[in-house]
Structure formats: C-alpha cells, structure tokens
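Have a look at the structure below before the remarks.
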Amino acid sequence: MTNEIETLKYGSVTTIPCGDLSIRVYTTKDAIDDQVILLEKKGKGVVIELPAFHNSIQEMESYLKEKNIEVEAKLVSYHAAGSSFLPDVKNYLTESSVAYNTDGEGAQLIKNFSGAFGEGFDSGKVNSGEMLGAGIVTIAGIDLEIIPNGDAFEVYIPQAKAVYIHMLGHDCHSIVAGAGHADAIISNLKGYLDRGAEIFLSSHYVPETRKDVDTKISYLEKIKEIGACCSSASEFKEKVREEFPGYSGENYLDMTAGFFFKN
C-alpha cells in the first residue's frame, strides 16, 4: 500500500492510488480524531462518514474545492453529526444506520459530544436521505457493496480491494462486548481477508493492511483468553495492559472490562 500524506492546517489527507480510483482519508485531528473517507474517480467523489467539527468541515470543503472534486454522495453510517458539511449533496443511509443515529447509540454519542465540545461541534444529525439495501450500488462511477449490520453498515469497494468498517486499529484497544462479540468481530475480519481485501479503512484509525488485521485478530483471541481466566475487571485490565503495553484507547479497555465483568 503506497500512501501519500498531505498535511493541512488542522488535519491531514492520506491518498492511496488504486488505478483510476483514489482513496483519500482525511484525518481530522480534532477532539475525537476521526477519519473521513473520500473515494474519487475522474473528478467525481463519494464521502463515507462526515467530519463533525466546524473547523474540520470547512477544511475538508476547501480541500475538495482545491482538488476540483465534485462529491455526488455522502454515505452516513456510524457518524451522523456534521449536517452542515456539503448540505446540498445527497445523503445515503440504511435502515440500520437511521435507527442507530436516531434513537440508538449514535444519537446518544452526538448528544454527549455536543455537551462536551460546545459550539465547535456540529451536532446537526443526518438521519434522512436515500435508503440503501444490501448489495452493489454504483455512485460517481464507483461500485460500492453496502453491507448492513446490527448497528449501521460497512462498505466494500471491489475495485480497490478495500473495505470500510467502523473500528479497527492494530495497536489500540477495542470495544469488545464479551467473548461472543469478539468471535463476531474475528469472523467478520476473516471474511474480508478471505475475500481478498487488502486495504482496511475505519473511522478511528489510519488505513491498515492484511497484516494489521491479523494482528487485531490475535489481540481479540488473547482478550477472550484473558477474560476467561480473570475474576474481576481490574485484574482483566492489568493482564491486558501487561500483554499489550503501549496500546492506546484506555477508555475502550475500560468499556471492554465492563462488558466482560458486569457488576
């Protein structure tokens, strides 16, 4: 995976060429440090997820204008805050993502972030638009496979052998809601590996490789093993930290411990 990184005033853009298709990943570097995915082909584009802070919104809109990229669609899955971003561009959602961002966990996160970050955060929600079902849709000349799940949806990009999932990160902790959830994540990741996916995109980490996914699978297997031999959340966290020193995402580890050891 050959990446070119461009530093902007607030964030940065990582560009991955895939023939006549380019994957551009805007890292916001704001308070929640999100990734916004831009797929561009012959000057037309599709955005997956939205920037949520006004500085990031303005910066990404300026970037698109500078690069002369006309965005034809916004795919809104897990990150629906940021309704002022490209307001005239059509939104695409699934029934699952609408539920997630209207009454589910996504809506609660937006409420929490709005209270925590104030006016700098665009709390306007995108939870309406054109509804997508499972399967292939072609937008801006790009084939996209929409894969709804229990929360929102994932996107497979066949031409690039790339997939967008919500969270990955080979050297950071994950939110794992028990051993069964770990198994489900492992199965999902292995499924994409079996399909031949080479580029793994997510909302909370830079683009990753098949090797990174193998590392994440090993982490999840170890989390299950540690969870099975511990008797408390504190013991679990101590052993996980010993096994994976230097990992970021301590708040995610706290949440995982809470799921494995409910009081």
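The values are calculated or read from the model by the stated rules, or taken from the named source; none is laboratory data. In this text, all values refer to a predicted model and were calculated from it rather than measured experimentally. Positions of Cβ are generated from backbone atoms using ideal geometry, with glycine treated the same way; all protein chains shown enter the neighbour counts. Surface areas here come from the heavy atoms of the whole protein model, side chains and all, with no ligands, DNA or RNA. Shrake-Rupley method; radii C 1.70, N 1.55, O 1.52, S 1.80 Å.
Across the chain, the longest piece that holds none of the trypsin sites (Lys or Arg not before Pro) lying in DSSP loops with up to 13 other C-beta atoms within 10 Å covers 91-261. Karplus-based coupling profile of segment 103-119, in residue order and whole Hz: 10, x, 4, x, 5, 5, 5, 4, 4, 5, 5, 4, x, 7, 10, x, 5, with θ = phi - 60° in 6.51 cos²θ - 1.76 cosθ + 1.60 and x standing for Gly or Pro. Expressed as an acute angle from 0 to 90° and rounded to the nearest 10, what is the orientation of the C-alpha long axis of helix 179-195 relative to the principal long axis of the chain? That helix lies at roughly 50 degrees to the long axis. Of the residues T2, T215, T27, ranked by 1.4 Å probe accessible area with the largest first, the sequence reads T2, T215, T27.
Summed over the residues of the chain and divided among them, the accessible surface reaches 45 Å² per residue at a probe radius of 1.4 Å. Relative to the longest principal axis of the Cα atoms of the chain, the long axis of helix 54-66 makes an angle of roughly 50 degrees. In terms of the Cα gyration tensor, with a ≥ b ≥ c the square roots of its eigenvalues, is segment 1-146 rounded because a/c is under 1.5, prolate because a/b exceeds b/c, or oblate? Oblate is the answer for segment 1-146, as a/c is 1.5 or above yet b/c matches or exceeds a/b.
Between A31 and S234, the C-beta separation translates, for a Förster distance of 45 Å, into a calculated FRET efficiency of about 0.95.
The fraction of accessible area contributed by carbon and sulfur in segment 99-196 is 50 percent, rounded to a whole number (1.4 Å probe; ligands and nucleic acids excluded).
For L132, nonlocal amide neighbours, meaning residues 5 or more places apart or on other chains whose placed amide H falls under 5 Å from its own, are L93, T94, E95. Take I136 and S12, extend 7 Å from each Cα along the Cα→Cβ direction, and tell me the distance between the two endpoints in nm. About 3.6 nm, to one decimal. Evaluate the relative contact order of segment 33-165 (contact order divided by residue number), counting alpha-carbon pairs under 8 angstrom at least 6 apart; express in whole percent. Relative contact order, segment 33-165: 23 percent.
On C-alpha positions alone, give me the angle between the axis of helix 233-243 and the longest principal axis of the chain, in degrees, nearest 10. So the inclination is approximately 70 degrees.
In a fully extended conformation the segment linking Q58 and E250 would gain 66.1 nm over its present Cα-Cα distance, using 0.36 nm per residue. For the chain, the calculated P(r), taken from all Cα-Cα distances in 10 Å bins from zero up to the bin holding the longest distance, is 7, 30, 36, 22, 5, 0 percent.
Estimated at 0.36 nm per residue, the fully extended path between F117 and E66 surpasses their Cα-Cα distance by 15.5 nm.
For D122, the residues whose amide H sits under 5 Å from its own are F53, H54, ignoring neighbours fewer than 5 places away on the same chain, with H placed 1.01 Å from N.
The distance from the alpha carbon centre of segment 9-30 to that of segment 116-144 is 18 Å, rounded to a whole number. Of the beta bridges in the chain, as assigned by DSSP with both residues counted there, near 75 percent are antiparallel. Under the simplified labelling scheme, the E225-K190 pair shows an inter-label distance of 1.6 nm, with each label point 7 Å from Cα along Cα→Cβ. Relative contact order for the chain: 14 percent, from Cα pairs under 8 Å spaced at least 6 residues apart, divided by residue count. Simple point charges give the picture: +1 on the Cβ of Lys and Arg, -1 on the Cβ of Asp and Glu, and for segment 80-124 a dipole about the Cα centre of about 20 debye. Quick one: Debye curve from the alpha-carbon atoms of segment 5-64 only, equal weights, vacuum; give me log10 I(q)/I(0) at q = 0.17, 0.21, 0.26 Å⁻¹ to two decimals. The calculated log intensity ratios at q = 0.17, 0.21, 0.26 Å⁻¹ are -0.50, -0.76, -1.11. Looking at segment 1-146 only, what percent of DSSP beta bridges run antiparallel? Nearest 5 please. Here the share of antiparallel DSSP bridges comes out near 75 percent.
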